[in-house]
1. Would you call PHE169 among the hydrophobic types (A, V, I, L, M, F, W, C) and free of Cβ contacts under 8 Å to residues at least 24 places away in the same chain?
2. Determine whether the stretch 180-203 contains at least one residue that is farther than 26 Å from THR102 by Cβ, among the β-branched types (Val, Ile, Thr) and modelled with pLDDT of 80 or more.
3. Please find, among ALA196, ALA156, the residue that is among the small types (Gly, Ala, Ser), in the same structural domain as VAL103 (by TED's automatic domain parsing) and surrounded by 13 or more Cβ atoms within 10 Å (Cβ to Cβ).
4. Residues being on the phi > 0 side of the Ramachandran plot and not in a helix (DSSP H, G or I): count how many of those fall in the stretch 171-201.
5. Can you report the number of residues in the stretch 93-107 which are in a helix (DSSP H, G or I) and exposed (fewer than 13 other Cβ atoms within 10 Å of the Cβ)?
6. Tell me yes or no: at least one residue of the stretch 176-189 is assigned by TED's automatic domain parsing to the domain that holds THR83 and either touching a residue at least 12 places away in the same chain (Cβ under 8 Å) or surrounded by 14 or more Cβ atoms within 10 Å (Cβ to Cβ) (or both).
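The values are calculated or read from the model by the stated rules, or taken from the named source; none is laboratory data. Keep in mind it's a predicted model, so treat the numbers as computed, not measured. Glycine gets a Cβ as well: all are built from the backbone with ideal geometry, and neighbour counts include every protein chain shown.
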Amino acid sequence: MTNVRKQVDKLFAKYPKTNETLELKEEVIGNLEAEIEDLESGGLTFEEAARFSIGKMAKLDVLIDGVKFIRINKVIIEMLQWTLIYTLIAWILTIPLSIFDTVRRTSWILLFFVIIIGIIYFAVYFIHGFLLKKSVKVDLIKIVAIRKFLWIMWSAFIIIKWGMVTALFFGSNIWFRHPVSINGPYEFARIIIMYAIPIITVIIPLLMNKLKIVIEKQGEDGSFET
């Protein structure tokens with residue numbers, strides 16, 4: 001039955017080597033060996049029985065946990081919609097604080113992105129019927145790994161940015177052990193805003209969270225409605 005194991009190994013080679021996948025592979029091998037023996041007892045040669053049994057296993061995607069099928073056009077539209085929503089919320093939050101130069105620049109940048117993303121979204125929405133409708137396979141395990149990586153990178157970015165802001169405003173106080181002195185509420189608000197502005201970048205990992213949810217919703221069990 002060595003040939004059976006080799007053929008099954010080839011079928012599973014493109015899938016992630018998780019415990020569930022390895023257990024499924026052994027289960028498939030056991031079932032194939034039993035089926036081949038039954039077919040041999042029915043008069044088929046080993047080669048004929050193996051070819052028939054393995055041929056039925058050519059499509060494993062629906063059995064592998066984490067593999068989903070999605071329609072690209074629908075995922076693109078939904079992700080553009082969420083990108084627009086997140087960016088619009090961030091822009092609205094910056095409007096009342098535009099009296100500060102840093103926030104004003106950030107607000108204009110966000111408005112620019114809102115306009116561009118909005119144009120792209122409505123353009124894609126009206127022509128989505130011409131976009132690629134083919135179902136494609138997505139490895140949800142890789143999406144989760146990328147999401148985790150983005151959250152780690154974002155956390156590191158925030159820590160570095162907050163460290164830079166702290167050094168800018170309080171570096172000399174910390175170095176020379178002087179008490180911190182803040183000149184009035186305006187200065188206090190400016191410091192708080194300098195800490196808050198980098199948090200806007202949380203949009204990026206949040207979008208990856210949303211992508212995972214969209215894929216799970218639209219690719220449930222390998223099915224997808226048009």
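1. no
2. no
3. Exactly one residue qualifies, and that residue is ALA196.
4. Residues that pass the stated criteria total 1.
5. Here the count works out to 3.
6. Taking every residue of the stretch 176-189 in turn, at least one turns out to be assigned by TED's automatic domain parsing to the domain that holds THR83 and either touching a residue at least 12 places away in the same chain (Cβ under 8 Å) or surrounded by 14 or more Cβ atoms within 10 Å (Cβ to Cβ) (or both).
Results for (1) in contact with an Asp or Glu (Cβ under 9 Å, 6 or more places away or on another chain); (2) at pLDDT 90 or above; (3) under 30 Å from LYS217 (Cα atoms); (4) of a type outside the set (Lys, Arg), shown as yes or no for each residue.
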{"position": "ALA50", "(1), (2), (3), (4)": "no, no, no, yes"}
{"position": "MET57", "(1), (2), (3), (4)": "no, no, yes, yes"}
{"position": "ILE76", "(1), (2), (3), (4)": "no, no, yes, yes"}
{"position": "LEU80", "(1), (2), (3), (4)": "no, yes, yes, yes"}
{"position": "THR87", "(1), (2), (3), (4)": "no, yes, yes, yes"}
{"position": "ALA90", "(1), (2), (3), (4)": "no, yes, yes, yes"}
{"position": "LEU93", "(1), (2), (3), (4)": "no, yes, yes, yes"}
{"position": "PRO96", "(1), (2), (3), (4)": "no, yes, no, yes"}
{"position": "SER107", "(1), (2), (3), (4)": "no, yes, no, yes"}
